[in-house]
Amino acid sequence: MNAKDWAAAVIKQDEIDKYLVGGKDFIDEGKIYEELEKQKNPDKQQVRDILQKSLDIKILTPAETALLLNVEDPELLQEMRETALQVKRKVYDNRIVFFAPLYLSNVCVNSCKYCGFRAENKEEKRHVLSMDEVRAETAAVIDEGHKRMIAVYGEHPLSGADYIADSISTIYSVKRTTPTGNGFNNIRRVNVNAAPMEIADLKKLWRVGIGTYQVFQETYNHERYAELHPANTVKGNYRWRLYALHRAMDAGIDDVAMGALFGLYDWKFEVMGLLYHALDLERQFGIGPHTVSFPRMQPAPGSFLSEHSPYLVSDEATRRLVTVLRLAIPYSGLIVTCREEAGLKRELIHLGCTQTDASSKLGIGAYSQKLKQEDNPDKVQFMLGDQHSLDEEVKLLAEDGMITSFCTAGYRCGRTGDKIMNLLEKGVEGKFCKLNAVLTFREYLNDYASPETRAVGEKLIEQELREIENTPFFTDKKLLPTFRSYYERIARGERDLYM
Ligand code: SAM
Ligand code: SF4
């Protein structure tokens, strides 16, 4: 089938209609603008009451979120930032999860005006990785010390659901001996960022063990969406995309990740859109998003809009939107990526982000060929702001008291979907995460850390071990003996032990 016919066959209208209420989707522009208007000039007590609700790890209402978005008082903004960090510590402790993005294909049938992969960008050299190439790229990512990956695909028949499923299996199959010769390392969780699919295709991904399925709505504003995504393309169908995660839930994938591409439209509107999305997932499936992303648009090869959009978001607005997202959907992970320049990225981590990437390469085939983005601008989607290596990032964060976690245990122990939501809300998952963070950090320090990173890391791990020994939860739940034995076994060379 050629690309045009294929695109025409992708959208299944009944897999949109079943989620609508009275023929309407959950984004009502009029209502959002009204809420943002109504909640201007919030008073201190109102804001403090809302902050207490966030601290109780309860999702906020649209009115409460609109109110926080309108806070301008520097003192209140500071209180919000402090509470955001408290929320993060309550749910996720002081850990940060690292992953590596892997771009598998840059062929695309769509024409998103902000993306280097769009079909009419003739400068872009197109390629779909063969399974041998996927193995080589995966090996190079593993050799950096990574254990989690997000696989990214353009939308095209050459990289449809069967290809995605094959590539996930291929990534899981690669095992590498660690540089010290102590055991092996592998990718233990493959998340996917790919176009919206029908339920039958999503089931294929579920069967091969997809981690989180991530789709960004780009902009939640119907009209702006239509301007950016031509109507004759698959992506031109706003609702097909809006319900991508609903279909994933119906396919059995209960870890779903949402996001908006900030810079396409008013940032306050997009935060409200993300909240409505989370609320609708909760309403229809009882589970909110596993993570929320807020990528900021970066310059993309050949895209005028990517550099001149009237809605580009300033650093200060980014700090504010991250703070509000942390408070509004307190149980979700928040992902900040290497799109951001290193200094700001670190600040955002301290405002409540829980996941980030490092050593990232966006060029197709760039990991195994050790290419820098300047070496292959014709194969990247956009330019990165932060090109630190994983080792450098781990050290920088450890110096700030944050422990790097490569933990993938939650997913492999069945702590996903509604089960993990419950545990996150009660602060229990954070406790397991602490144990697994220490176990996987031990692996990393032994296998991959430079002497400088190791020196900083050893101090941090000692501190963490003391904290674990002194936390009643671990003693009460009788977790300590198993943890201690796993820690010692890992220190002796065993790998991939988790709780
Ligand atoms: N093709 C699939 C899709 O559109 O859903 C998945 C891959 S696409 C490469 C992943 C994401 O990259 C998009 O959802 C979009 O938010 C983001 N993106 C596109 N252009 C960007 C740019 N110029 N700067 C930052 N992020 C961008
Ligand atoms: Fe294609 Fe996704 Fe880029 Fe749009 S954002 S052009 S769908 S790769």
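The values are calculated or read from the model by the stated rules, or taken from the named source; none is laboratory data. These numbers were taken from a predicted model, which means no experiment stands behind them. Neighbour counts run over all protein chains shown; Cβ positions are idealised from the backbone, glycine included. For accessibility, only protein heavy atoms count, side chains too; no ligands or nucleic acids. Shrake-Rupley method; radii C 1.70, N 1.55, O 1.52, S 1.80 Å.
General observations
- Enumeration of residues in the stretch 106-154 that are of a type in the set (G, A, S), over 19 Å from the mean Cα position of the chain (by Cα) and within 10 Å of ligand 1 (Cβ to nearest atom): G116
Matching residues to (1) charged (D, E, K, R); (2) crowded, with 21+ Cβ neighbours inside 10 Å; (3) on the phi < 0 side of the Ramachandran plot:
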{"residue": "G273", "(1), (2), (3)": "no, yes, yes"}
{"residue": "L279", "(1), (2), (3)": "no, no, yes"}
{"residue": "E282", "(1), (2), (3)": "yes, no, yes"}
{"residue": "F285", "(1), (2), (3)": "no, no, yes"}
{"residue": "P295", "(1), (2), (3)": "no, no, yes"}
{"residue": "A300", "(1), (2), (3)": "no, yes, yes"}
{"residue": "L305", "(1), (2), (3)": "no, no, yes"}
{"residue": "H308", "(1), (2), (3)": "no, no, yes"}
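- For the condition more than 30 Å from R48 (Cβ to Cβ) and crowded, with 23+ Cβ neighbours inside 10 Å, V322 does not qualify.
- Candidates D14, D56 - the one that is open to solvent by 30 Å² or more (accessible area, probe 1.4 Å), of a type in the set (D, E, K, R) and within 24 Å of the chain's Cα centre (by Cα): D56
- Qualifying residue in the stretch 386-393 (condition: at pLDDT 70 or above, open to solvent by less than 40 Å² (accessible area, probe 1.4 Å) and at positive phi): no
- The one condition from (1) farther than 23 Å from A260 by Cβ; (2) at pLDDT below 95 that T170 does not meet is (2).
- A count restricted to the stretch 88-105 and to residues that are more than 16 Å from ligand 1 (Cβ to nearest atom) and over 19 Å from R346 (Cβ atoms) stands at 2.
- Qualifying positions in the stretch 464-498 - assigned to a helix (DSSP H, G or I), free of Cβ contacts under 8 Å to residues at least 24 places away in the same chain and of a type outside the set (D, E): R466, P472, T475, L480, P481, T482, R484, S485, R489
- Residue check, D315 among the acidic types (D, E), within 28 Å of P157 (Cβ to Cβ) and touching a helix residue (DSSP H, G or I) at 6+ places or on another chain (Cβ under 8 Å): no
- Answer from R489, R484 - the residue that is in contact with a Leu (Cβ under 7 Å, 6 or more places away or on another chain) and either at pLDDT 90 or above or open to solvent by less than 10 Å² (accessible area, probe 1.4 Å) (or both): R489
- Residues located in the stretch 68-82, provided they are under 10 Å from T323 (Cα atoms) and buried (at least 21 other Cβ atoms within 10 Å of the Cβ): L68, L69, M80
- Of the residues I164, I171, the single one that is open to solvent by less than 20 Å² (accessible area, probe 1.4 Å), more than 16 Å from ligand 1 (Cβ to nearest atom) and among the aliphatic types (A, V, I, L, M) is I171.
- Sole residue being open to solvent by 30 Å² or more (accessible area, probe 1.4 Å), closer than 26 Å to L390 by Cβ and in contact (Cβ under 8 Å) with a residue 40 or more places away in the chain, chosen from L102, L85: L85
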